[in-house]
1. Report, by residue number, each residue of region 69-87 that is assigned to a loop (DSSP other than H, G, I, E, B) and modelled with pLDDT of 95 or more.
2. Which of the residues belonging to region 159-206 are among the hydrophobic types (A, V, I, L, M, F, W, C) and without any contact (Cβ under 8 Å) to a residue 24 or more places away in the chain?
3. So which of Ala155, Ala187, Ala179 is in contact with an Asp or Glu (Cβ under 6 Å, 6 or more places away or on another chain) and at negative phi?
4. Has region 45-53 got any residue that is within 27 Å of Val116 (Cβ to Cβ) and buried (at least 20 other Cβ atoms within 10 Å of the Cβ)?
5. Looking at region 96-114, can you tell me whether even one residue there is at pLDDT 95 or above, over 18 Å from the mean Cα position of the chain (by Cα) and surrounded by fewer than 23 Cβ atoms within 10 Å (Cβ to Cβ)?
6. Among what's in region 153-200 and is of a type in the set (A, V, I, L, M), part of a helix (DSSP H, G or I) and in contact with a Phe, Trp or Tyr (Cβ under 7 Å, 6 or more places away or on another chain), pick the residue that is surrounded by the most Cβ atoms within 10 Å (Cβ to Cβ).
7. Picking from Ala48, Ala36, which residue would you name as being more than 24 Å from Leu160 (Cα to Cα), outside any loop (DSSP other than H, G, I, E, B) and at pLDDT 95 or above?
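The values are calculated or read from the model by the stated rules, or taken from the named source; none is laboratory data. This is a predicted model, so every value here is computed, not measured. Neighbour counts are summed over all protein chains in view; Cβ atoms, including those assigned to glycine, are modelled from backbone coordinates with ideal geometry.
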Amino acid sequence: MVSVPRLHLITDRRLVTSLPERVAAALRGLPPGAVAVHLREKDLGGGALLALARALRRACDVAGQLLLVNDRLDVALAAGADGVHLPSAGVPVADARRMLGPAALVGSSCHSRADVARALREGASYATFSPVFDTPSKRQFGAPVGVPALREAAALGLPLVALGGIDAARMPEVRAAGAVGVAAIRAWLVGDDPGAAVRALLGLDP
C-alpha cells in the first residue's frame, strides 16, 4: 500500500483561473510522494470531472505526487488515480477497497473519535479529521473539534490528516497531537505563489 502523504491539497476550481496550472505550480520541485492532490468538485458531472481528473493526473505524474478523487470511484478508476477519498455518507470503505484493490489509498472523512474508529474497522488507509480549527468551508459541520479531540482520535492508530483552518503556523501543533499530515484548501489556492505556500506547509526551505 502507498504511504499516506504528509500534505493533502484539496481542490476548489472556483478559486483559481486554471486548476491544472495551479496544481503544476504548487507541486513543482517537491520530494516525490510528499503530496496528494484531492479532486473535490462536487458540482461537476462525470464527463467534466473525468477530463479534469486526467489533466490533474498528468500534472501529478510529472511531479511524482499522488492523485485522489473525492467520492467518485468510477472517475478514480477511469483516470488511473491512486485512490479515493470518501465522504462520511459515501460508499463504504470496504466496498471501495474491493473495487480499487489493496494498493489503493482509501480515505474517509471523519469528524469524531467514533467516526475514526469506524473507518479503522472498515480498513481505511487514513482519515481526515475535521474541522480542527475554524474555516469557512467546514462551518456547515458545526464548531471546530479542536486539537484535544484530534489527539484522542489519533491514539486509535489510524493515520489522521488534520483539516480545517490549517496553515504553516499550526503545523507543529497538529503534528504534536498525532496527525501524520495536514490538508489544506485555501492555503494553497489563494495567493500569488502556490509553490511557496506548499513548501511552507511541508516545512521545506523556500
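1. Asp71, Arg72, Gly80, Ala81, Asp82
2. Once the filter is applied, which keeps residues that are among the hydrophobic types (A, V, I, L, M, F, W, C) and without any contact (Cβ under 8 Å) to a residue 24 or more places away in the chain, region 159-206 yields Ala169, Ala176, Ala187, Ala196.
3. Ala187
4. No, region 45-53 has no match at all.
5. Looking through region 96-114, at least one residue is at pLDDT 95 or above, over 18 Å from the mean Cα position of the chain (by Cα) and surrounded by fewer than 23 Cβ atoms within 10 Å (Cβ to Cβ).
6. Only one residue tops the list, namely Ala153.
7. The unique qualifying residue is Ala48.
Results for (1) in a helix (DSSP H, G or I); (2) of a type in the set (Asp, Glu), shown as yes or no for each residue.
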| residue | (1), (2) |
| --- | --- |
| Gly29 | no, no |
| Ala55 | yes, no |
| Leu67 | no, no |
| Ala89 | no, no |
| Asp95 | yes, yes |
